[in-house]
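Input: a single structure, listed below in structure tokens.
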Amino acid sequence: MLLEVCDVFDNKQYFKILLQANWYGQTKVLGLLYELEETVLLSSDLYSREYRVSPEHVWEKMRDDYPLFYDEIGKMWWVTRYEDVKTVFSDHETFSSSTYDLTTGQVVGPTLISRDDYGHVVRRSIVAPDFVGKRLQTYEHLISVCAENLIQQFSNKSDVSLVREFSSQLPVDVISAILGMEGDGDLFRTWVTDMIMGLSGSEELREKGLEANASFCRHIAPLLEGADNGERNDHIAKIARAEIDGQRLTKEEITAFCGLLFIAGGETTDKAIANMWWNVLSNSDIRDAVLNDISLWDYAFTETMRRTPAVISEDRFVTKPIELYGSEIKEGERIRACLGAAHLDPTVFADPLTFDLFRSDLHIGKENRSGVSKDSMRSGHFGFGLGKHFCIGYELARKEAIMGSEMIIEKLGIPSLSKEQTGPTIQGNSFFAVKELLVSFKP
Ligand code: HEM
């Protein structure tokens, strides 16, 4: 019997099963037994409109039939299964983050995110402690003040554009305040938008991004002076004074890191908040459950990070030749860890397309860097990455989302979505979010 691929046409691969016999060394086809077709995956599928609107089917195809896929258009490999994505994030010796030299590095300059060496460890130990645990609690009142200021501006309305009026503003306002520049949110927002656009690969937009970064650097330069004054309690002063192994950050490094904070913590948190509201409000049972028990916002945030993560993929360069699923990946090639697809892996999460607040297979609450839950029946999501480059702002983002949401409900009442509201779509390279969310409130 022979299985013969006879044509690939319009995303379909046609097979024939032929009955053949071997007669004195000569093969004769005796007849056609069966003809079948199978949908094949083309690189163009990953760049189609359908994919942007509803990537889940393509991801399923990839996990099932193409666990390692070479994307001719993007010139990179893709992995989509949960365990493979976990490996790419965790094994930083084989999968390097130097890909960031070509994105954020081109706009804000070199930062810890593109390094995998001891220099990364030193820099992270200087900047990260401020964003977790007790030290983060000292910033809670800033979050509440920033949220309050925004809510005041729409608290007398019954219809609110949640993204424009709230979620796109809060994270930038909070980072500005943490850096010691309360009230500068509007200024930063324009620069940060240009800086993020500068990552798109277009030379013209990169120039604009660089100009925005130059304005940004000039604006924060005065804060770099006098940081040794122990009375100053802003993040810039704290990281300027911090020393690890006798090393301090240079002024250039501090400025670049501040730029990275806006790029990494602005739109991501905005989109996570908006997606969370979409998930909660688009199902009335879930909405009612959360309104009856506000502690469920915490569950809603975690399940949002799994089902509709704001960032769906991260790229790495392969540092040495490796073999995966029978293919060789050469040193220097790019590999994309598609965490959005990994979160829908049915071997890890039951009924993965369903947004379920009470999942028994998902690690709920604060994430951890190893991705391993104390409860062996639960698995972590990769929405904040994993391992060495695990997100520095994961607790801050959760706090902003939950505190802000509770405050809005308290002030404006019961929220609902219009029937026309559509769900998250892929934006740019790796964002997945609702563009706008029109929410009506009843006191
Ligand atoms: C829901 C909101 C957020 C999401 C979805 C998110 C997502 C991520 C992801 C996936 C990574 C890992 C990148 C990689 O491994 O290639 C990361 C790293 C990072 N994030 Fe976040 N992030 C969020 C909020 C924030 C906030 C609020 C801040 C800071 C204020 C922040 C700062 C950073 C930094 C500095 C890194 C690099 C860490 C390192 O290289 O060691 N992020 N984030």
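No lab work stands behind these numbers, since they all come straight from the coordinates. Every value quoted in this text rests on a predicted model; they were computed, and no experiment measured them. Note that each Cβ is placed from the backbone with ideal geometry, even for glycine, and that neighbours are counted across all protein chains shown.
Computed quantities for the displayed model
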| item | result |
| --- | --- |
| Cα-based reach from K411 at 25 Å (exclusive), listing lysines while leaving out same-chain residues under 8 positions away | K157, K271, K399, K419, K435, K442 |
| Overall Cα dimensions of the chain, principal axis frame, Å, largest first | 94, 55, 46 |
| Length gained when the stretch T39-A214 is fully extended (0.36 nm per residue, less Cα-Cα span) | 58.1 nm |
| Net lengthening on full extension, M377/R248 (0.36 nm per residue, minus Cα-Cα) | 42.2 nm |
| Relative contact order (%) - criterion: Cα under 8 Å, at least six apart; region: the range 76-173 | 14 |
| Loop GluC sites (Glu not before Pro), the range 297-406 (other Cβ atoms within 10 Å of the site Cβ: 12 or fewer; DSSP) | E331 |
| Segment Q427-S295, extension gain: residue separation times 0.36 nm, minus the distance between their alpha carbons | 44.5 nm |
| Dipole magnitude of the chain, debye to nearest 20 (Cβ charges: Lys/Arg +1, Asp/Glu -1, about Cα centre) | 440 |
| Subset of K238/K320; K134/K388; K75/K366; K86/K208; K251/K366 violating a 30 Å alpha-carbon distance limit | K238/K320; K75/K366; K86/K208; K251/K366 |
| Directionally averaged shadow of the range 285-443, computed from the convex hull of its alpha-carbon atoms, nm² | 11.4 |
| Electrostatic dipole magnitude of the range 272-365 [Cβ: Lys, Arg +1; Asp, Glu -1; Cα centre; debye, to 20] | 280 |
| Proximal charge balance of L150 [Cβ under 10 Å; K/R count +1, D/E count -1] | -3 |
| Computed label-point distance, nm, for sites K411 and E204 using a 7 Å Cα→Cβ extension | 3.9 |
| Estimated inter-spin distance, T138 and S155, nm [label 7 Å along Cα→Cβ] | 2.9 |
| Principal-axis tilt of helix 394-412 within the chain, Cα atoms, nearest 10 degrees | 70 |
| Calculated P(r) of the range 206-356 - Cα pairs past 19 Å, % | 71 |
| Cα centroid separation - the range 380-414 against the range 251-290, whole Å | 6 |
| Antiparallel %, DSSP beta bridges [both residues in the chain], to 5 | 90 |
| Cα-based helix-to-principal-axis angle, 118-127 vs the chain, degrees rounded to 10 | 40 |
| Theoretical ellipticity at 222 nm over the chain - DSSP helices of four or more residues, -39500 (n - 2.57) apiece, nearest 500 | -12500 deg cm²/dmol |
| In the range 146-242, the trypsin sites (Lys or Arg not before Pro) that fall in loop regions by DSSP, at most 13 other Cβ within 10 Å | K157 |
| Nearest 10 degrees, 0 to 90: helix 296-307 Cα axis against the chain principal axis | 40 |
| Inter-label distance for E225 and K366, nm, one decimal - labels placed 7 Å from Cα along Cα-to-Cβ | 3.9 |
| Contact order normalised by residue count of the chain, Cα under 8 Å, 6+ apart, percent | 19 |
